[in-house]
Amino acid sequence: MDPGQGSVAPRQRYRAPERPAATRRGGAPRADRTAPETGWSAGARIGDYGPVRFSILGPVTVHDDARAVPVGGARLRALLVLLLLDPGRTVGTERLIGGIWGDDAPGGAGNALQALVSRLRRLLGDSVPVVADATGYRLVAAPGQVDLWEFEALVERGRAARAAGDPREAVRALETALALWTGPALADVADLDGVRSVLVRLAELRRTAAEDRLAAQLDLGRHAEALPDIEALAAEQPLGERPVRLLMRALAGCGRQADALAAYDALRRRLAEEFGADPATETRDLHLRLLRGELDPAAAPAHQLR
């Protein structure tokens, strides 16, 4: 299943168990394996300090408990990313070569890919094996070890909670999901061919999750709290109807009905000038409710106030 389609069962974030810092996997003390508070100690292996997790919602990073392990080289990071987008599944050799080198694939690209895989295996060791088969390579990792998949599971949980009439749980789940982002996704490999199309999808996922969180805040009556973020969102997307609907709700909830009406009129003019079109039915219905003084988040189910 494509990560951006369908529902994903919620998964809890992997957390390292409490254990003495100077203990190796077998339990015997070892002084030179003591973990620092930050960084990565010489001689340590990935997986020594806790379950391994991967971050791609920001710079590409491997985490061993609280320690961040650097992944050196843009092509090595690209290989890791392409495997992480389908954890536990084989990614075809041609797809990997095209994603890493694009039109500049070297002669003997298969051998070059094998060399990159060997580097990745040395980095990950036995903690997260990279397995070869007849068609490509597979990273033996669970979706719960990848922040993208955790993000999508939390977003699904938040949307389900809001649809069930529990906006408080929706806000919690969506805020937890958005907190997984540490910067622009895949920023350190964004120029590679195999990553560009992924970036568009990830940016859209982040934007819609932010809109969902703001909508759930409005469901709770937190109009003044949500208004600054909604105003920024509407300014970034002047032709976006959902941000304007959120803005209309927030302004009306703050007692600024005239400003809410002005936001609708401005959107209507922009759509007419750019596309010769009227706002969508959902936006027009919200405008009508505003005119009737009915724009009360508690007066209708959440799905009518998107």
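The values are calculated or read from the model by the stated rules, or taken from the named source; none is laboratory data. Being a predicted model, the structure only gives us computed values, none of them experimental. Every residue, glycine as well, gets a Cβ built from its backbone with ideal geometry; the counts of neighbours run over all protein chains shown. Just the protein is used for accessible areas: all its heavy atoms, side chains included, with ligands, DNA and RNA removed. Shrake-Rupley method; radii C 1.70, N 1.55, O 1.52, S 1.80 Å.
Highest mean first, what order results for 252-259, 53-60 on Cβ atoms within 10 Å? Working shown, then result.
Values: 252-259: 15.8, 53-60: 21.5.
Packing proxy ranking, top to bottom: 53-60, 252-259.
Report the Stokes-Einstein translational diffusion coefficient (µm² s⁻¹, integer) for the range 97-251, Rh taken as the Kirkwood radius over Cα pairs, at 4 °C with viscosity 1.567 mPa s.
Details: Rh = 18.4 Å.
Once the numbers are plugged in, D ends up at 71 µm²/s.
How long are the semi-axes of the equivalent ellipsoid of the range 245-285, taking √(5λ) for every eigenvalue λ of the Cα gyration tensor, in whole Å from largest down? Mind dumping the intermediate values first?
Numbers: eigenvalues 84, 21, 7 Å².
They are 21, 10, 6 Å, listed largest first.
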On average, how much accessible surface per residue is there in the range 165-306, in Å², for a 1.4 Å probe, leaving out ligands, DNA and RNA?
-> 48 Å²
Extended-chain gain in nm, criterion 0.36 nm per residue less alpha-carbon gap, residue 69 and residue 204 | 45.8 nm
What nm distance separates the two modelled labels at residue 180 and residue 291, each placed 7 Å from Cα along Cα→Cβ?
-> 4.3 nm
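Which order do the peptides 88-95, 183-190 take when ranked by the mean count of other beta-carbon atoms within 10 Å per residue, highest first? Spell out each step's value before the answer.
Numbers: 88-95: 15.0, 183-190: 18.5.
Answer by packing, highest mean first, reads 183-190, 88-95.
Residue 103 to residue 187: extension gain in nm, 0.36 nm per residue of separation minus the Cα-Cα distance? If you can, show how the numbers build up before the last one.
Values: separation 84, 0.36 × 84 = 30.24 nm, distance 2.10 nm.
Computed gain between residue 103 and residue 187 is 28.1 nm.
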Length gained if residue 273 through residue 133 is fully extended, taking 0.36 nm per residue and subtracting the Cα-Cα distance, is 44.9 nm
